[in-house]
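Quick notes on the structure that follows.
The values are calculated or read from the model by the stated rules, or taken from the named source; none is laboratory data. Just so it is clear, the structure is predicted and the values come from calculations on it, not from any experiment. Cβ: placed from backbone, ideal geometry, glycine included. Neighbour counts: every protein chain shown. Note: accessible area is taken over every heavy atom of the protein model, side chains too, but ligands, DNA and RNA are not part of it. Shrake-Rupley method; radii C 1.70, N 1.55, O 1.52, S 1.80 Å.
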Amino acid sequence: MNYDDFISSKATGCAPVGFDPQSENNHLMHFQSDIVTWATRRGRAAIFADCGMGKTIMQLSWADNVAAHTGKAVLILAPLAVAQQTVEEGVKFGIAARYLRADDGNTGIVVTNYEMMD
């Protein structure tokens, strides 16, 4: 076995388990739209974008698609100040998200601070 074969044998894979996005937010830039589409189709993904690249709109767009597809709530955990900011950004981009301190049993996008996780 040569070295390339050895390295290839150590690779692990993850089959996509997502779905095709049902909607695209018109506030997304092309690269952001591509990232949201990729993450939605993968099903298990992380968006490691740099500061100023629009992580919030991408996160909310992904969550909006998941909530629409599953008919269930999507929980976003964030630091306290960021949780409120995420809800405000949702309003700005036309994505309904609400801040909750306790489960209300409704669907959609729910944002709370991670200290409330218990």
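In terms of Cα atoms, the Rg and Dmax of the stretch 1-54 work out to 16.0, 51 Å.
Just to be sure I understand: if I project the alpha-carbon convex hull of the stretch 46-114 onto a plane and average over all orientations, what area do I get in nm²? Numbers along the way, then the final one.
Values: hull surface 18.5 nm².
So the mean shadow area of the Cα hull is 4.6 nm².
Only Lys, Arg, Asp and Glu count, each charged at its Cβ (+1, +1, -1, -1), so figure out the dipole size of the chain about its Cα centre, rounded to 20 debye. Present the calculation step by step, with values, prior to reporting the outcome.
On the way: 9 positive and 13 negative charges, 22 e Å.
Dipole size: approximately 100 debye.
Count charges around residue 80 for me, please; just the other residues with Cβ under 14 Å from its Cβ, Lys/Arg as +1, Asp/Glu as -1.
On the way: positive: 101; negative: 88, 115.
Local charge sum for residue 80: -1.
Projecting the Cα atoms of 3, 27, 54 onto the dipole axis of the chain, where Lys and Arg carry +1 and Asp and Glu carry -1 at the beta carbon, places 27 farthest toward the positive end. Taking the accessible area of the chain, probe 1.4 Å, and keeping the other protein chains in place, the carbon and sulfur fraction comes to 55%.
What number comes out for the charge environment of residue 28, summing +1 per Lys or Arg and -1 per Asp or Glu over other residues with Cβ under 14 Å away? Intermediate results must be reported in sequence, preceding the final value.
On the way: positive: 55, 92; negative: 24, 34, 64, 89.
Once positives and negatives cancel, what remains is -2.
Annotation: amide H-H contacts under 5 Å for residue 73 (H modelled 1.01 Å from N, sequence separation of 5 or more, or interchain): 108. Within straight-line reach of residue 55, meaning a Cα separation under 19 Å, sit the following lysines at least 8 residues removed in sequence or on another chain: 92. Note the listed values [x] 1.17; [y] 1.26; [z] 0.94, then indicate which one is Cα Rg over 2.2 N^0.38 Å calculated from this particular structure. From the options [x] 1.17; [y] 1.26; [z] 0.94, the structure gives [y].
Distance between the C-alpha centres of the stretch 23-41 and the stretch 58-78: 13 Å, rounded to the whole angstrom. Rolling a 1.4 Å probe over the heavy atoms of the protein chains gives the chain an accessible area of 67 Å² per residue.
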